[in-house]
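Enquirer: The structure follows.
The values are calculated or read from the model by the stated rules, or taken from the named source; none is laboratory data. None of these values were measured; they are calculated from a predicted model. All Cβ positions, even for glycine, are placed from backbone atoms using ideal geometry, and neighbour counts span all protein chains on display. Only protein heavy atoms, including side chains, enter the accessible area calculation; ligands, DNA and RNA are left aside. Shrake-Rupley method; radii C 1.70, N 1.55, O 1.52, S 1.80 Å.
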Amino acid sequence: MRRLPLLLPALWLALLVAVPLLVVVALSVSFPAEGIPPFALPGRAEGINGEPFALLLEDPFYRDAFLGAVLVAGGTGLLCLGLAFPMALGLVRAAPRWRPLLLALVLLPFWTGFLPRLGAWIGLLRDEGWINTLLLGLGWIAAPLPLLYSWPALFLGMTHAYLPFAVLPLYASLSRLDPVLEEAAADLGATGPVAFLTVTLPLALPGAAAAFLLVFIPAAGEYVIPELLGPPSAQLVGRVLWGEFFQNRDWPVAAALAVALLVMLIIPILLFQRLEARR
Amino acid sequence: MLRRLLAATMCAAVLLPSAGLFPAAMAQQAPTLNVYNWSDYIDPKAVERFQQETGIQVRYDVFDSLETLEGKLSAGRSGYDVIVPTSEPTFARLIRAGALRPLDRAALPNWNNQDATLLRRVESSDPGNRHGAIYLYGSVGLGIRPDKVRAVLPDVPLDSLDLLMKPENAKALAGCGIAVMDSAIDVLPSVLRWLGKDPNSTDAADLRAAEQAMLAIRPHVRAITASGSILDALATGEYCVAMTYSGDVIQAKARAAEARRGVDIAYVQPKEGAQLWFDMLAIPADAPHPDAAQRFINFLLQPEVMAGITNEVRYPNAIPAATPLVDDAVRGDPNVYPTPEMLGRSFTAEALGPQAERARSRLWSRFKAGR
């Protein structure tokens, strides 16, 4: 009877994680075929198909897609941390009666759909959008700035979408810090910035690491934002995977990309766990 | 650490609304008919009339790209009875995969209303025209804003792919915006034709030449995106040259005129010869209501129904008897109804083998990435 509560998560894990994962792995060593669905599972006669993984290794297009995804996800993670830290600090230090409202403001963007928010950015950034119209009207620019479909627009959209993922864990870790610690630092002669750098920041690091990871992991596979706001050259792994699946209907290569992405994302998580364990 | 991560993930998962799409409409009790067509691609009155005449309830669902259609069909059991795939690549591929049900001509008395010449051109995708009737067709060309183009290129003729493919022209137009639809099969053949090669060439040297020509203009291209997005952006004046489907340009032109924001749009059918495509009425092999599907297709193949659709969506249909019933402005526009001479110079894309298709998709990825 006592085991029952454990059974449920185990079932959850088996049904919703292990089984789909196995399907994807099997797909990644399947043979492409003309049919419905467009692949043939590996069999005893044919063996497995190593071509999808070989293709990932030999075509630099895929290497660049992974590299681009890591850079974009890492950049987004850092941008989110940079914005989330002062926000979380402000939340912790705000008067308790304001805190629920401020927290609600952080979460509010989640209440509207993801696509309308991206649509709003498109409306702001495009050539005849609000920003360009304003700047042209003020006479500051002679021709519209190409804001949309650019790397800055991509990072803007990514940071906007993932910022709450960074604020919440940081807020959680900062709110657990005992304010007495900073008072003690002040009593011992540390000025505000010194106390922040030597006391608050080191104690908030695990929270910051969690915040970074929470942004980095989904951002690495993101394909909607690069597609809608980014430049065509932003062929990141999520977008490439989508293309393999839908445009080229090469399900085995798409599955191989998914497996490779998963492996790539497991590495930082394992590293973090190591770090935590040593602490 | 992991526990903290998990807790935060759970709360994020609850807070974050998933952007997933609703599953396809599933079969229901008769008499219903599940139609899956392109968005903005029918005369609503036609569906209404069909429902009144037959008592069959139509459940109408739309897609905005062939990838969406093929993705849903590839999983099997889509639940749709009538779909509208484009001749190449999707229609041809579905036939080869055995995913379409051959039409029963005996149940389609209106079949012979279709133009025999146009039907013959679809035969490269569907030998014997066994699996599909022509719904609408069109060409691939350039949607342009003539005033903006004229402002930077006063003397360049506006009837040729030179406008986009000559690097000096593309460079001059980069400032006001160039877009290319994200579809190798709809762009590459025209580039090959512009180079004077066979549009369906699989020759490595030809493909290399096409790739070089495309990479030469790549720095000046602002967007490579789905044709549906190009339609919207073209209508709001985002681009001054966009390579896309004829009817999308004509729809964008109508929308821009309605908005009255001074955006004038024109369609250029390349004089080098334009790629023709056909959207086909077809029935999935596992359609739950194949008889109702046949009745719907037969209903659409009537001249007055087709004329209504063409008036609404501004794509030509393949029923000659419908032409006199189409509005003068639509019928007389050579960009909607190509002249016989334009048709003579046009070509269709052909199915390539898997090897050639992969080469083409690699080429296209390199074009998008710009290296």
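Enquirer: What shape does the stretch B:113-189 have by the C-alpha gyration tensor, where a ≥ b ≥ c are the square roots of the eigenvalues, rounded means a/c under 1.5, and otherwise prolate means a/b greater than b/c and oblate the rest?
Expert: Prolate shape, in that a/c is at least 1.5 and a/b is the bigger ratio.
Enquirer: Then there's this: Give me the inter-chain shielding for A:241-248: mean count of other chain Cβ atoms within 10 Å, whole number please.
Expert: The mean count of partner-chain Cβ atoms within 10 Å per residue comes to 5.
Enquirer: On a C-alpha basis, how far is the centre of the stretch A:214-279 from the centre of the stretch B:70-112 in Å? Whole number, if you could?
Expert: If you average the Cα positions of each part, the centres end up 34 Å apart.
Enquirer: Then there's this: If I histogram all Cα-Cα distances within the protein assembly as shown using bins 10 Å wide from 0, what percent of pairs lands in each bin?
Expert: In order of increasing distance, the bins hold 3, 13, 22, 24, 19, 11, 5, 2, 1, 0 percent.
Enquirer: From the convex hull of the Cα coordinates of the stretch B:58-128, what is the mean projected area in square nanometres?
Expert: Taking a quarter of the hull surface, the average projection is 5.6 nm².
Enquirer: Follow-up. Under 16 Å from a point 7 Å along the Cα-to-Cβ line of A:Glu34: which residues of the stretch B:84-103 have their amide N that close?
Expert: Output list for this probe position: B:87-101.
Enquirer: Alpha carbon centre of the stretch A:110-142 versus the stretch B:152-187: separation in Å?
Expert: 26
Enquirer: Starting from the residue with the highest accessible area, list A:Tyr149, B:Tyr315 in decreasing order, probe 1.4 Å.
Expert: Of A:Tyr149, B:Tyr315, the descending order of accessible area is A:Tyr149, B:Tyr315.
Enquirer: Sticking with this structure for a sec: For chain A, modelled as a GNM with alpha-carbon contacts under 10 angstrom, which of A:Pro218, A:Pro116, A:Pro232 fluctuates the most?
Expert: Of the options given, A:Pro116 has the highest mean-square fluctuation.
Enquirer: Using a Gaussian network model of chain B whose springs link C-alpha atoms within less than 10 Å, name the residue from B:Pro85, B:Pro354, B:Pro199 with the highest mean-square fluctuation.
Expert: Comparing B:Pro85, B:Pro354, B:Pro199 in a Gaussian network model of chain B, the most mobile one is B:Pro354.
Enquirer: Right, something else. Bin width 20 Å, alpha-carbon pairs only: give the P(r) of chain B as whole percents, running from 0 to the bin holding the largest distance.
Expert: 27, 55, 17, 1
Enquirer: Setting aside same-chain residues fewer than 8 positions from B:Lys197, which lysines have a Cα under 18 Å from its Cα?
Expert: Partners found: B:Lys166, B:Lys271.
Enquirer: List the residues whose amide H sits under 5 Å from the amide H of B:Leu276, counting only those 5 or more places along or on another chain, with H placed 1.01 Å from N in the peptide plane.
Expert: B:Phe347, B:Thr348, B:Ala349
Enquirer: Express the accessible area of the stretch A:31-278 per residue in Å², computed with a 1.4 Å probe while the remaining protein chains stay in the model.
Expert: That works out to 50 Å² per residue.
Enquirer: What does the helix-only formula give at 222 nm for the protein assembly as shown: each DSSP H stretch with n ≥ 4 adding -39500 (n - 2.57), the total divided by the residues, and the result rounded to the nearest 500 deg cm²/dmol?
Expert: Calculated from helices alone, the mean residue ellipticity at 222 nm is -16500 deg cm²/dmol.
Enquirer: So what is the relative contact order of the stretch B:191-282, in percent, for Cα pairs below 8 Å that sit 6 or more residues apart?
Expert: Relative contact order of the stretch B:191-282: 20 percent.
Enquirer: While we're on this one: With only alpha-carbon atoms in the gyration tensor, what are the semi-axes of the equivalent ellipsoid for the stretch B:228-371, in Å, largest first?
Expert: 27, 25, 17
Enquirer: Follow-up. What is the packing order of peptides A:123-134, A:185-196, taking the mean over residues of other C-beta atoms within 10 Å and listing the highest first?
Expert: Ranked by mean Cβ neighbours within 10 Å, highest first: A:123-134, A:185-196.
Enquirer: Using only alpha carbon pairs under 8 Å that are at least six residues apart, calculate the relative contact order of chain B and give it in whole percent.
Expert: Relative contact order here is 26 percent.
Enquirer: What is the average number of partner chain Cβ atoms found within 10 Å of a Cβ in A:177-188?
Expert: Rounded to a whole number, the mean comes out at 0.
Enquirer: While we're on this one: Within the stretch B:57-106, list the trypsin sites (Lys or Arg not before Pro) lying in a DSSP loop whose Cβ has at most 14 other Cβ atoms in a 10 Å radius.
Expert: When the trypsin sites (Lys or Arg not before Pro) of the stretch B:57-106 are filtered for loop state and at most 14 Cβ neighbours within 10 Å, B:Arg77 remain.
Enquirer: Let me ask something additional. How high is the relative contact order of the stretch A:31-278, given as a whole-number percent (alpha carbon pairs under 8 Å, six or more residues apart)?
Expert: So the answer I get is 29 percent.
Enquirer: Roughly speaking, to the nearest percent, how much of the stretch A:30-140's 1.4 Å accessible area is carbon and sulfur?
Expert: 73
Enquirer: Which residue, A:Leu168, A:Leu16, A:Leu118, tops the fluctuation ranking in a GNM of chain A built on C-alpha contacts under 10 Å?
Expert: The residue with the greatest mean-square fluctuation here is A:Leu16.
Enquirer: If you average the C-alpha positions of the stretch A:46-71 and of the stretch B:310-371 separately, how far apart do those two centres end up, in angstrom?
Expert: Result: 35 Å between the Cα centres.
Enquirer: What span do the alpha-carbon atoms of the stretch A:31-278 cover on each of the three principal axes, reported in whole Å from largest to smallest?
Expert: If we take the Cα atoms of the stretch A:31-278, the spans are 76, 59, 31 Å.
Enquirer: Sticking with this one: For the stretch B:179-189, what does the Karplus curve 6.51 cos²θ - 1.76 cosθ + 1.60, with θ = phi - 60°, yield as ³J(HN,Hα) per residue in whole Hz, taken in order and with x for Gly and Pro?
Expert: 10, 10, 5, 7, 7, 4, 5, 9, 10, 4, x
Enquirer: Can you pull the Kirkwood radius for the stretch A:139-279, inverse mean 1/r over Cα pairs, to one decimal in Å?
Expert: Across the stretch A:139-279, the inverse of the average 1/r is 18.5 Å.
Enquirer: On average, how many beta carbons from a partner chain sit within 10 Å of the beta carbon of a residue in A:32-44?
Expert: Counting other chains' Cβ atoms within 10 Å and averaging over A:32-44 gives 3.
Enquirer: Now, a different point. Extension gain A:Leu271-A:Arg99, at 0.36 nm per residue separation less the Cα-Cα distance, in nm?
Expert: Once the chain is fully extended between A:Leu271 and A:Arg99, it gains 58.5 nm.
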